[in-house]
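Structure first, then comments.
The values are calculated or read from the model by the stated rules, or taken from the named source; none is laboratory data. Remember, it's a predicted structure, so these values are computed and weren't measured experimentally. All Cβ positions, glycine included, derive from the backbone under ideal geometry; neighbour counts span all protein chains shown. Note: areas computed on protein heavy atoms with side chains; ligands, DNA, RNA excluded. Shrake-Rupley method; radii C 1.70, N 1.55, O 1.52, S 1.80 Å.
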Amino acid sequence: MILVRLTAALLLAIALSHGRQALAHAEHGTGEPVPQLASSSKLPKGVDLLVIKTTAYQFSLSSDGEQDIEVLADNGEPFIRIRQRIIQVNLNSAHWYRAQQPGGGAVPARLKLGDEVIAMKPDWKPVAQQTGFGWYDPRLVDENLTSFKLALNINGTRHVVEIQRKPLAAFKGFWTSRLTRASQSVGLDAMIPGLSTGTIALTRAADSKQTFEVLDAQGKPFIRSAPDGYSVDVKHPWFKSLGLYVNVPDLDPAADGTTAGKAAAANPLWVAASPSLMLTYQDPRLKAPNDNSKATRSWRIPVRGTSDGKTAQFAGDIQWRSTR
């Protein structure tokens, strides 16, 4: 069984939750009709749906980890669930098997009677612990289909999203980040992947023994780089915009209402993000501006060594590059 999951590589392709513009950048505005969410489509806060292109067009659904979501087929049958941070699939749904390949995967013989699909009682199976999932929909690659609707049950309420196939707006240019000065912290380096905006990759030397902390604008750490890998503070205000999918524990230390519980709730909660020497994430300071000005913007990312307490920084800018 092939599971179309939102892995780190896929998330990078999405350009994470900024993906509604990422598709336009990837297509370079050729004028060719492409499937995309209608501008009238609205979903509740904490739920994000995108149409992205990997090997083919597919849906990418993500949440803040606090939602119960069901993806419905065109006949109303649910075949994918996101129950907060658990992904479940309906093994008795033909739509689940068709969602695994761009043109529609093969349906098992046990679900068919001749050429007809048999309706069976749902058989839900957990397949992943994460808050996002991706799947193929044959309608996304049907060039003769100008529009269709996708239904979702979100926290018990049905929401219908319209997908339209139409040309993208003309591609006038794009924002890109540039690293102009590397940190002087021995053992930690950075790079900007390709022409991306918002994304930065940190790499530590294999022989480095020190732990480094990446600091926010107020000097508070939100990412740590240690010899055994990277971790992220899932209580930090920036966490949900970093593009890091980690297993967030269901803990609420303040639930008992005690002074000790409230103090514990205010402390950072560090969760493993990567065991490797590299971590790629979305830094809010590198995000493309939303205003009409195309002026170059500078950014700085402070890094602190926990052994000596010394602070250095990565520095760079965000530039607009016109294609005309």
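Going by what's in this entry, would Ala312 be described as at pLDDT below 90, farther than 15 Å from Gly198 by Cβ and either assigned to a helix (DSSP H, G or I) or in contact with a His (Cβ under 6 Å, 6 or more places away or on another chain) (or both)?
no
If you go through the stretch 155-168 one residue at a time, do you hit one that is touching a Gly at 6+ places or on another chain (Cβ under 9 Å), hydroxyl-bearing (Ser, Thr, Tyr) and either open to solvent by less than 50 Å² (accessible area, probe 1.4 Å) or under 30 Å from Arg81 (Cα atoms) (or both)? Quick ask: steps written out before the conclusion?
Taking the stretch 155-168 and keeping what is touching a Gly at 6+ places or on another chain (Cβ under 9 Å), we get 167-168.
Then drop every residue that is not hydroxyl-bearing (Ser, Thr, Tyr), which leaves none.
Scanning the stretch 155-168 turns up no residue that is touching a Gly at 6+ places or on another chain (Cβ under 9 Å), hydroxyl-bearing (Ser, Thr, Tyr) and either open to solvent by less than 50 Å² (accessible area, probe 1.4 Å) or under 30 Å from Arg81 (Cα atoms) (or both).
For Arg300, all conditions in the list (1) outside any strand (DSSP E or B); (2) free of Cβ contacts under 8 Å to residues at least 40 places away in the same chain; (3) of a type in the set (D, E, K, R) hold save one; what is the number of the exception?
Condition not satisfied by Arg300: (1).
Out of contact with any Lys or Arg (no Cβ under 8 Å at 6 or more places or on another chain), open to solvent by less than 70 Å² (accessible area, probe 1.4 Å), in contact (Cβ under 8 Å) with a residue 12 or more places away in the chain and under 23 Å from Val34 (Cα atoms): does that describe Trp96?
Working: out of contact with any Lys or Arg (no Cβ under 8 Å at 6 or more places or on another chain): yes; open to solvent by less than 70 Å² (accessible area, probe 1.4 Å): yes; in contact (Cβ under 8 Å) with a residue 12 or more places away in the chain: yes; under 23 Å from Val34 (Cα atoms): no.
So Trp96 does not fit the description; no.
Is there any pair with a first residue in the stretch 116-133 that is under 21 Å from Val234 (Cβ atoms) and free of Cβ contacts under 8 Å to residues at least 24 places away in the same chain and a second that is polar (S, T, N, Q) and open to solvent by less than 60 Å² (accessible area, probe 1.4 Å) whose Cβ atoms are under 9 Å apart and which are 6 or more apart or on different chains, and what are they?
No pair meets every condition.
For the stretch 144-157, check the following and say yes or no: at least one residue is of a type in the set (Gly, Ala, Ser) and closer than 21 Å to Asp283 by Cα.
no
Name the residues in the stretch 147-156 that are in contact with a Pro (Cβ under 8 Å, 6 or more places away or on another chain) and in a strand (DSSP E or B), would you?
Within the stretch 147-156, the subset in contact with a Pro (Cβ under 8 Å, 6 or more places away or on another chain) is 153-155.
The answer is Asn153, Ile154.
State which residue pairs qualify: first residue farther than 25 Å from Ile118 by Cβ and inside the stretch 78-90, second residue crowded, with 19+ Cβ neighbours inside 10 Å and aromatic (Phe, Trp, Tyr) in any location, beta carbons under 8 Å apart, and separation of 6 or more residues or different chains.
That search, which allows pairs on different chains as well, returns Ile82/Phe133.
Output the residues belonging to the stretch 123-146 that are part of a strand (DSSP E or B) and open to solvent by 50 Å² or more (accessible area, probe 1.4 Å).
Initial filter on the stretch 123-146 (part of a strand (DSSP E or B)): 124-129, 132-135.
Across the stretch 123-146, the qualifying residues are Trp124, Lys125, Pro126, Gln129.
If you check every pair at least six apart or on different chains, which have Cβ atoms under 9 Å apart with a residue in the stretch 305-324 that is loosely packed, with under 12 Cβ neighbours inside 10 Å first and a residue that is among the polar types (S, T, N, Q) and outside any loop (DSSP other than H, G, I, E, B) second?
Arg321/Thr176
Identify all residues within the stretch 203-250 that are touching a Phe, Trp or Tyr at 6+ places or on another chain (Cβ under 7 Å), assigned to a loop (DSSP other than H, G, I, E, B) and touching a residue at least 40 places away in the same chain (Cβ under 8 Å); write none if there are none.
Trp238, Leu242, Gly243 - these are the residues of the stretch 203-250 that are touching a Phe, Trp or Tyr at 6+ places or on another chain (Cβ under 7 Å), assigned to a loop (DSSP other than H, G, I, E, B) and touching a residue at least 40 places away in the same chain (Cβ under 8 Å).
Answer yes or no: is there a residue in the stretch 47-67 that is over 25 Å from Pro167 (Cβ atoms), without any contact (Cβ under 8 Å) to a residue 40 or more places away in the chain and buried (at least 16 other Cβ atoms within 10 Å of the Cβ).
No, the conditions are met nowhere in the stretch 47-67.
Results for (1) modelled with pLDDT under 85; (2) within 27 Å of Thr296 (Cα to Cα), shown as yes or no for each residue.
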site: Gly173; (1), (2): yes, yes
site: Leu179; (1), (2): no, yes
site: Ala182; (1), (2): yes, yes
site: Ser185; (1), (2): yes, yes
site: Leu188; (1), (2): no, yes
site: Gly198; (1), (2): no, yes
site: Arg204; (1), (2): no, no
site: Gly219; (1), (2): no, yes
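Being in contact with a strand residue (DSSP E or B) (Cβ under 8 Å, 6 or more places away or on another chain) and open to solvent by 10 Å² or more (accessible area, probe 1.4 Å) is the filter; apply it to the stretch 192-203 and report the residue that is nearest to Asp283 (Cα to Cα).
Initial filter on the stretch 192-203 (in contact with a strand residue (DSSP E or B) (Cβ under 8 Å, 6 or more places away or on another chain)): 192-193, 195-203.
The next check asks that each one be open to solvent by 10 Å² or more (accessible area, probe 1.4 Å); those that pass are 192-193, 195-197, 203.
Numbers: Ile192: 11, Pro193: 13, Leu195: 15, Ser196: 12, Thr197: 9, Thr203: 15 Å.
Checked the stretch 192-203; the qualifying residue nearest to Asp283 (Cα to Cα) is Thr197.
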